[in-house]
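Below: one structure, written as structure tokens.
The values are calculated or read from the model by the stated rules, or taken from the named source; none is laboratory data. This is a predicted model, so every value here is computed, not measured. Backbone-built Cβ (ideal geometry, glycine too); neighbour counts: all protein chains shown. These accessible areas exclude ligands, DNA and RNA; they are computed on the full protein's heavy atoms, side chains included. Shrake-Rupley method; radii C 1.70, N 1.55, O 1.52, S 1.80 Å.
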Amino acid sequence: MKGSSRLRRLLPYLAFTALVLTLAACTGETTQYPNSTFEPKTELGRSIDDLWDILLLLGMIVFVLTELVLAFVVFKYRNNKEAKHTHGNTRLEILWTLIPAVILVFIAVPTVRTIFQTQAPAPAGALKVEVIGHQWWWEFKYPEYGVTTANELYIPVGRTVSFALTTKDVIHSFWIPQLGAKRDAISNRTNYIWLTADTIIAPSVWNGFCTEYCGASHSFMRFRVFTVTPEQFASWIAGQQATAAFNAGPATGTDTVQLAAGAAPGYFFPRESMPAYAVPHRAYPPAITFPAGLTGDPARGQTAFMMGGCIGCHTVRGNPMAVGVIGPDLTHIATRHTLAGGIYPNTTDYLARWIKNARVMKPGSLMPTLGKGEFDPILKRTAPVSLDDQQIADIVAYLQQLR
Ligand code: CUA
């Protein structure tokens with residue numbers, strides 16, 4: 001038969017495709033698939049993954065049985081030209097109502113159990129973290145410690161962390177694929193999700209995403225999660241609780257730059273240990289340029305930071321004038337690895353360009369275009385408040401002292 005010989009010729013290709021797909025699904029290396037949900041690193045992730053496995057298995061059994069019966073009937077009656085039409089068969093109808101009902105019970109019991117487990121209030125003693133979605137970055141607050149940070153979350157392994165999610169504007173969704181956490185941050189309501197990171201993974205870093213379309217830069221709303229040992233976490237918290245180490249102090253009325261004595265920063269994830277998947281690789285727009293060899297002065301930078309309007313939106317604890325809350329808290333910006341909602345590395349080149357023209361770096365950014373002569377794509381005119389290249393270099397030098 002012509003049809004069956006064609007099928008026979010296709011079979012090896014089909015088998016090969018199936019094999020490749022199966023193998024591709026099996027390799028679960030973190031470095032290879034850093035944003036996979038199939039290798040959960042928390043008990044929350046595992047309870048969801050186990051439920052998925054059960055449902056997949058049940059679904060497969062039903063699928064295979066149904067297809068076998070179908071194939072059998074098609075084959076058996078392939079030459080039957082006179083099909084008999086019948087009406088009503090009570091026994092059959094009871095049977096095909098009961099079988100799906102039983103299958104649904106098998107699906108419902110583990111599903112409801114997992115929902116109750118994951119929706120239960122977090123155990124007492126959990127670390128509280130407030131997650132606040134903004135267009136387009138993440139704010140993280142540790143109310144027990146008075147620490148606020150942005151786009152970079154530190155959590156201790158082995159301790160339950162309870163996230164309280166809210167939003168400053170539109171609906172966002174908080175997602176850390178490898179840790180199994182995914183929940184919406186919506187208006188006028190606080191959503192909760194809690195997890196406990198496995199102790200064996202410390203110290204490590206995971207990618208986080210906004211996974212609810214929230215406007216022009218939705219895909220640029222990323223964050224990093226550092227799962228660290230309790231000791232590293234305590235050190236990080238202590239470092240973050242301290243006010244900014246650099247204090248050129250405008251109140252002193254002198255030009256002397258003073259570094260607060262002994263204000264060594266606490267632990268933060270070492271830059272050289274950042275895995276490639278957690279380092280942003282996006283290039284900056286070539287149109288934003290700086291003269292080569294420009295160096296900044298941190299003391300002048302602090303003055304420019306205060307005169308240039310930055311303090312209207314940003315807090316630098318320890319600087320009584322810098323108390324803005326619209327943009328990210330910059331008290332310890334030099335301990336962060338990324339900028340602008342986790343899409344650029346926090347390096348001199350990127351930080352300077354971000355200050356010069358944030359709205360070209362990131363569509364729709366609330367951070368204004370500040371570089372002299374730069375075109376602001378939202379206002380559709382050149383920057384009204386402007387800083388020259390030297391002033392920007394100075395501000396960068398100042399910010400890089402904030403450890
Ligand atoms: Cu926030 Cu998408």
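Observations on the structure shown:
- The alpha carbon gyration tensor of the range 178-236 gives principal lengths a ≥ b ≥ c with a/c of 1.5 or higher and a/b greater than b/c, which makes the shape prolate.
- For A292, neighbours were defined as the other residues whose beta-carbon sits under 12 Å from its Cβ, and their charges (Lys and Arg +1, Asp and Glu -1) total -2.
- For the chain, the mean residue ellipticity at 222 nm estimated from helices alone is -11500 deg cm²/dmol, where every DSSP H run of n ≥ 4 contributes -39500 (n - 2.57) and the total is divided by all residues, rounded to the nearest 500.
- Estimated dipole of the range 127-241 in Debye, rounded to 20 [Cβ of Lys and Arg +1, of Asp and Glu -1, Cα centre]: 120 debye
- Of the accessible area of the range 127-241, computed with a 1.4 Å probe over protein heavy atoms only, carbon and sulfur atoms account for 51 percent.
- 0 to 90° range, to nearest 10: angle between helix 298-307 axis and the chain longest Cα axis: 80 degrees
- Taking the C-alpha atoms of the range 127-241, convex hull volume expressed per residue in Å³: 85 Å³
- With both residues required to sit in the chain, DSSP beta bridges show an antiparallel share near 75%.
- Candidate residues M307, M367, M321, M221: accessible-area rank, largest first, probe 1.4 Å: M307, M321, M367, M221
- For a label point 7 Å along the Cα-to-beta-carbon line of S36, residues of the range 175-198 with backbone N under 12 Å: 178
- For the chain, the longest principal axis of the C-alpha atoms and the axis of helix 2-26 are separated by about 40°.
- Exceeding the 19 Å Cα-Cα cut-off - candidates K128/K182; K182/K362; K168/K356: K182/K362; K168/K356
- Within the chain, longest stretch free of exposed chymotrypsin sites (Phe, Trp or Tyr not before Pro) [DSSP loop, at most 12 other beta carbons within 10 Å]: 214-403
- With Cα atoms, 0 to 90° folded angle of helix 389-399 axis to the chain main axis: 70 degrees
- 20 °C / 1.002 mPa s Stokes-Einstein diffusion coefficient of the range 61-143, Kirkwood radius on C-alpha pairs, µm²/s: 113 µm²/s
- For Q400, neighbours were defined as the other residues whose beta-carbon sits under 14 Å from its Cβ, and their charges (Lys and Arg +1, Asp and Glu -1) total +1.
- Over the chain, the hull volume per residue, using the convex hull of the C-alpha atoms, is 227 Å³.
- Selected from I237, I99, I54 as most flexible by GNM, with the chain as the system and alpha-carbon contacts under 10 Å: I99
- When K76, K41 are compared by accessible area of protein heavy atoms, the largest-first order is K76, K41, using a 1.4 Å probe.
- Proximal charge balance of S365 [Cβ under 11 Å; K/R count +1, D/E count -1]: +1
- DSSP beta bridge pairing in the range 127-241, given as percent antiparallel to the nearest 5: 70 percent
- Accessible area (Å², per residue) of the range 271-399, counting only protein heavy atoms and a probe of 1.4 Å: 43 Å²
- Counting only heavy atoms of the protein chains and using a 1.4 Å probe, S386 has close to 50 Å² of accessible surface.
- Cα centre as origin, Lys/Arg/Asp/Glu Cβ charges: the chain dipole, Debye: 1560 debye
- Cα gyration tensor, the range 271-399 - rounded (a/c under 1.5), prolate or oblate: rounded
- Between the beta carbons of T90 and A234, assuming R0 = 60 Å, the FRET efficiency works out to 0.30 to the nearest 0.05.
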